[in-house]
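Structure record follows, encoded as structure tokens.
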Amino acid sequence: MLATRDTVFVSSSSPVLKVRNLILGDAEGLSAPILVISTGVISLGKWIIHKNAILTQKTPEPFKIANLFLKTGGQIEHAANSSAKEYIVNLEVANEFIMESGSMINVKGKGYARGKGPGATGYIGGAGYGGHGGNGYHAEGGVPYGSIVNPDELGSGGGPNPYWGPGGSGGGLAVLKISGTLQLDGVIDADGIGGLAESGGGSSGGAINITAGILTGSGTIHADGGNGVSSVGGGGSGGD
């Protein structure tokens, strides 16, 4: 059980970290721990992420967990990327993954950095991904890329205005492979960030890739592109 206001980093020299049970935080949300894991995980037990607790994946390797419970106010995220795809949310759950109302998988703005990625474009253009990005004042929008069948890419960063403001960073990537039941009553957010300051270009949304034996719940998922700023910054494309 980890119940502290500290940030705890866990890494391993072996390919995977073996953990049976994990309780992150407390039911009342009085503690607000952040657990950052930089390696793959195999767990035959139960993981509970409580209110105000954050589990951060700083690896592309999967977390293989028997049962996962994301409580109201709990959050799973991945670390922010820069010019390469280094970090994603990658969860493989054998039995059940319960996302309560008010819980979140939050990878908003954690994709490619401003002006980076396959869909990035030039001066204040909107980034592409699931479609073309919006044209900026001095650059066409970025082009689509990736797969619509099995999306596995981050969103790209928006084009900068070197004089007035940078573009936004792209949306991240969440991959969920649930052999049993996914009860999705929370939110999965892979939106891109809008352009900043005066006229930065909007980024593209990231991707949410879900396979589940049974999918239930009334939650929401979105991977929207970020807005361009003013009339000259291009808007970003939506993700996959």
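The values are calculated or read from the model by the stated rules, or taken from the named source; none is laboratory data. On a predicted model such as this, the values are computed, not experimentally measured, just so you know. FYI the Cβ positions are ideal-geometry reconstructions off the backbone, even for glycines, and counts take in every protein chain you see.
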Of all residues in the stretch 153-174, which are in a loop (DSSP other than H, G, I, E, B), modelled with pLDDT of 85 or more and of a type outside the set (Gly, Ala, Ser)? Glu153, Leu154
Six or more apart or on different chains, Cβ under 6 Å: which pairs go from a residue in the stretch 211-227 that's in contact (Cβ under 8 Å) with a residue 40 or more places away in the chain and surrounded by 15 or more Cβ atoms within 10 Å (Cβ to Cβ) to one that's assigned to a loop (DSSP other than H, G, I, E, B) and among the hydroxyl-bearing types (Ser, Thr, Tyr)? Could you list them? Gly225/Ser204; Gly225/Ser237; Gly226/Ser203
Which members of the stretch 80-112 meet the condition of being buried (at least 23 other Cβ atoms within 10 Å of the Cβ) and small (Gly, Ala, Ser)? Ser103, Gly109, Gly111
Near pairs, Cβ below 7 angstrom, 6+ apart or cross-chain, from the stretch 178-202 (crowded, with 22+ Cβ neighbours inside 10 Å and hydroxyl-bearing (Ser, Thr, Tyr)) to any residue that is part of a loop (DSSP other than H, G, I, E, B) and modelled with pLDDT under 85: Ser199/Ile124; Ser199/Trp164; Ser199/Val229; Ser199/Ser230; Ser199/Val232; Ser199/Gly233
List, please: which pairs have Cβ atoms under 7 Å, are six or more places apart or on different chains, and start with a residue in the stretch 45-60 that is more than 8 Å from Ile76 (Cα to Cα) and end with one that is in a loop (DSSP other than H, G, I, E, B) and acidic (Asp, Glu)? His50/Asp26; Pro60/Glu86
Among the residues of the stretch 26-37, write down those that are touching a Ser or Thr at 6+ places or on another chain (Cβ under 7 Å) and farther than 13 Å from Ile76 by Cα. Ser31
Which residue out of Lys177, Lys116, Lys110 is modelled with pLDDT of 90 or more and part of a loop (DSSP other than H, G, I, E, B)? Lys110
In the stretch 54-99, which residues are in a strand (DSSP E or B) and either at pLDDT below 95 or touching a Pro at 6+ places or on another chain (Cβ under 8 Å) (or both)? Ile54, Asn90, Leu91, Glu92
Just give me the residues in the stretch 29-53 being assigned to a strand (DSSP E or B) and more than 19 Å from Asp185 (Cβ to Cβ), in sequence order. Ile34, Leu35, Val36, Ile37, Gly40, Val41, Ile42, Ser43, Leu44, Gly45
